[in-house]
Amino acid sequence: TGVQTCALPIYTYLRDQGPVCLGGSHGGCLQVEQSGYARPGGIPMPLFGVACYLMLFIIACMRGQRARTAGMILTVVAIATSLTLTYLEVAVIHAICYWCLGSATCAALHVIVNSARYVRGEPTVGQPAFAMSG
């Protein structure tokens, strides 16, 4: 026993510890973590999140239409998954996990960023990445 040194959900999942959550909401996070939705196929849900955000980062570093399309597709998958899981938390599990809400917020921000990147395309040579057109 003792103080947990890391509050990341994947760390606590892999060590079979209760998650450390903001504002004393440990019960909600623990209830979500112990639900049947927390380990699809026996794999901890945070592993899927880490893999998805890592792929989004790698794709964001790539140029070209294929990279923008892949980023958009992965973003749609991420936000659809986040919306589904948030619904399950509220309507089925009856508990809220702040880590899950944080991930859903990140997925929503990815929708904005990847949509803009997809529509705007690549900056031309000599044009700053965030130049305003006039």
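Brief remarks follow.
- Per residue, the accessible area of segment 39-112 comes to 60 Å² when a 1.4 Å probe rolls over the protein heavy atoms.
- Extension gain, T105 to L83: 0.36 nm times the residue separation minus the Cα-Cα distance gives 6.9 nm.
- Cα pair distances exceeding 23 angstrom across segment 33-125, given as percent: 30 percent
The values are calculated or read from the model by the stated rules, or taken from the named source; none is laboratory data. Note that the coordinates shown come from a computational prediction; the quantities given were computed from them, not determined experimentally. We work out accessible area using only protein heavy atoms, side chains counted, and drop any ligands, DNA or RNA first. Shrake-Rupley method; radii C 1.70, N 1.55, O 1.52, S 1.80 Å.
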